[in-house]
Amino acid sequence: MDDRDYLLPEELPPDHRSGFVAVVGKPNVGKSTLMNAYLGQKIAIVSEKPQTTRNRLLGILTRPNAQVIFVDTPGIHSPQHKLGEFMVETAVRAIPDADVVVFLVDVSTTPTDEDIRIAELIREKCRAPVLLALNKIDLLSPADVQPHTEAYRSLGDFADWLLISATRGDNRDELLDLIIAHLPEGPRYYPEEQVTDQQERFIAAELIREAVLRHTHQEVPHAVAVMVEEFKERGPDMTYIAARIFVERNSQKGILIGQGGRMLKRIGQEARKEIEAMVGTRVYLELRVKVKKKWRRDERELRRLGYALPKKKRR
Ligand SMILES: Nc1nc2c(ncn2[C@@H]2O[C@H](COP(=O)(O)OP(=O)(O)O)[C@@H](O)[C@H]2O)c(=O)[nH]1
Ligand SMILES: [Mg+2]
């Protein structure tokens, strides 16, 4: 992968481990939740709606003995448009580049065709050790633990497996220990204070999209894109942000604005609080909604909105 910056401070222990850990799975199994939990902050937005994550995001966890670089990926699914194709390709590309793959599944249900397909993809593309993490154990009745676990374990040849809950915390530390144990020895690739490869500007746009996802349903969340057009410090305790929310239809614009502008106001207030927590200043947030017909099917629009694949690079 890119951006490798070979730091080798004297004080690192000789058996220091490091590498890229691709977290892959179908939409909505908890990939972003798990990564945020390890980092103790929100790098990736989370929602109960599938296909929330659209880009590859790095979450960098630096410990005295290891640097774990989580690669959060979009859920692998059958794409319905160019945006979906971009998302799936982004996730698939993370697999051969990883030093460890965490295959995350929702153990509260039995495997679906999507899980089976992803297991095949991993078998085909991955030379690294694969850890099976059976998430959402908090939702599983005791009688189902054994049959569900067996069903997922039979999908592939896993270096190890673990029942976890990303939200409640069960076995989260144990999974991290397993991940570190399977990483190769190596230096830190990123400075210890760096937590992600994403700019605050991108995360701000994502936090706005997250607030939109919280308040919209059916097709609307999928038709939304957010672009931050201005991001400026105005004095020591004020950041000015102007962002545009794109939707595909007039009716969706109406929903987002709401009666008397109430919906947009609420979205703005919620997003502003989250952005303030991230940037550490007060935020003045200006939101506008614009219709951009069929942007999810338009290659040029996708590129403008940041949904473009980088050229393939070999490590
Ligand atoms: N009950 C329960 N819910 C979870 C757990 N992990 C994630 N979730 C929920 O599952 C939904 C999808 O999570 P998200 O991280 O966006 O999934 P992703 O699409 O795989 O990145 C959210 O509503 C999370 O709160 C878990 O361990 N237990
Ligand atoms: Mg996600």
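Working only within region 39-52, note down all residues that are over 18 Å from GLN194 (Cα atoms) and in contact (Cβ under 8 Å) with a residue 24 or more places away in the chain.
ILE45, VAL46, SER47, LYS49, PRO50, GLN51, THR52
Examine region 5-22 for a residue that is within 16 Å of ligand 1 (Cβ to nearest atom), closer than 22 Å to ALA119 by Cα and either modelled with pLDDT of 95 or more or open to solvent by less than 30 Å² (accessible area, probe 1.4 Å) (or both), and state whether such a residue exists. I'd like the intermediate steps shown before the answer.
From region 5-22, those within 16 Å of ligand 1 (Cβ to nearest atom) are 21-22; that's our starting set.
Next, only the ones that are closer than 22 Å to ALA119 by Cα stay: 21-22.
Okay, now just the ones that are also either modelled with pLDDT of 95 or more or open to solvent by less than 30 Å² (accessible area, probe 1.4 Å) (or both), so 21-22.
Yes, there is a match, as at least one residue in region 5-22 is within 16 Å of ligand 1 (Cβ to nearest atom), closer than 22 Å to ALA119 by Cα and either modelled with pLDDT of 95 or more or open to solvent by less than 30 Å² (accessible area, probe 1.4 Å) (or both).
Those residues that are assigned to a loop (DSSP other than H, G, I, E, B) and over 16 Å from PHE202 (Cα atoms), I need them from region 221-253; list them, please. Full working, then the answer.
Within region 221-253, the first condition is being assigned to a loop (DSSP other than H, G, I, E, B), and the residues that meet it are 224, 234-237, 248-249.
The answer is ARG234, GLY235, PRO236, ASP237, GLU248, ARG249.
Here are some residues: VAL195, VAL212. Which one is surrounded by 15 or more Cβ atoms within 10 Å (Cβ to Cβ), closer than 30 Å to GLU274 by Cα, away from ligand 2 (no atom under 16 Å from the Cβ) and under 18 Å from the mean Cα position of the chain (by Cα)?
It is VAL195.
Of the conditions (1) within 13 Å of ligand 1 (Cβ to nearest atom); (2) out of contact with any helix residue (DSSP H, G or I) (no Cβ under 8 Å at 6 or more places or on another chain), VAL71 fails just one. Which one is it?
Among (1) within 13 Å of ligand 1 (Cβ to nearest atom); (2) out of contact with any helix residue (DSSP H, G or I) (no Cβ under 8 Å at 6 or more places or on another chain), the lone unmet condition for VAL71 is (2).
Filter region 241-258 down to the residues that are β-branched (Val, Ile, Thr) and closer than 27 Å to GLN199 by Cβ, then identify the one that is nearest to the chain's Cα centre (by Cα). Reasoning before the result, please.
To start, the set of residues in region 241-258 that are β-branched (Val, Ile, Thr) comprises 241, 245, 247, 255, 257.
Okay, now just the ones that are also closer than 27 Å to GLN199 by Cβ, so 241, 245, 247.
On the way: ILE241: 23, ILE245: 20, VAL247: 22 Å.
Here the answer is ILE245.
Restricting region 147-175 to residues that are β-branched (Val, Ile, Thr) and in contact with a helix residue (DSSP H, G or I) (Cβ under 9 Å, 6 or more places away or on another chain), which is nearest to ASP113 (Cα to Cα)? Lay out the reasoning, then the answer.
Of all residues in region 147-175, those β-branched (Val, Ile, Thr) come to 149, 164, 167.
Next, from what is left, pick out any that are in contact with a helix residue (DSSP H, G or I) (Cβ under 9 Å, 6 or more places away or on another chain): 164, 167.
Numbers: ILE164: 22, THR167: 25 Å.
It comes out as ILE164.
Restricting the search to region 52-87, which residues are within 15 Å of ligand 2 (Cβ to nearest atom) and either surrounded by fewer than 19 Cβ atoms within 10 Å (Cβ to Cβ) or of a type in the set (Gly, Ala, Ser) (or both)?
Correct list: ASN55, GLY59, GLY75, HIS77, GLY84.
Being free of Cβ contacts under 8 Å to residues at least 60 places away in the same chain and closer than 24 Å to ASP97 by Cα is the filter here; which residues of region 129-156 pass it?
To start, the set of residues in region 129-156 that are free of Cβ contacts under 8 Å to residues at least 60 places away in the same chain comprises 129-132, 134, 137-156.
If the condition is that a residue be free of Cβ contacts under 8 Å to residues at least 60 places away in the same chain and closer than 24 Å to ASP97 by Cα, then PRO129, VAL130, LEU131, LEU132, LEU134, TYR152, ARG153, LEU155, GLY156 are the ones that fit.
Pairs needed: first member in region 92-120, open to solvent by less than 20 Å² (accessible area, probe 1.4 Å); second member anywhere, among the hydroxyl-bearing types (Ser, Thr, Tyr); C-beta distance under 7 Å; at least 6 residues apart or different chains.
ALA94/THR73; VAL105/TYR152; VAL107/THR149; VAL107/TYR152
Do we have ARG172 as under 20 Å from VAL21 (Cα atoms), in contact (Cβ under 8 Å) with a residue 24 or more places away in the chain and open to solvent by 40 Å² or more (accessible area, probe 1.4 Å) here? Spell out the reasoning first.
On the way: under 20 Å from VAL21 (Cα atoms): yes; in contact (Cβ under 8 Å) with a residue 24 or more places away in the chain: yes; open to solvent by 40 Å² or more (accessible area, probe 1.4 Å): yes.
Answer is yes for this residue.
The values are calculated or read from the model by the stated rules, or taken from the named source; none is laboratory data. Here the structure is a predicted model, which is why all the values come from computation and not from measurement. Heads up, the Cβs are rebuilt from the backbone with ideal geometry, glycines too, and the neighbour counts pull from every protein chain shown. Just the protein is used for accessible areas: all its heavy atoms, side chains included, with ligands, DNA and RNA removed. Shrake-Rupley method; radii C 1.70, N 1.55, O 1.52, S 1.80 Å.
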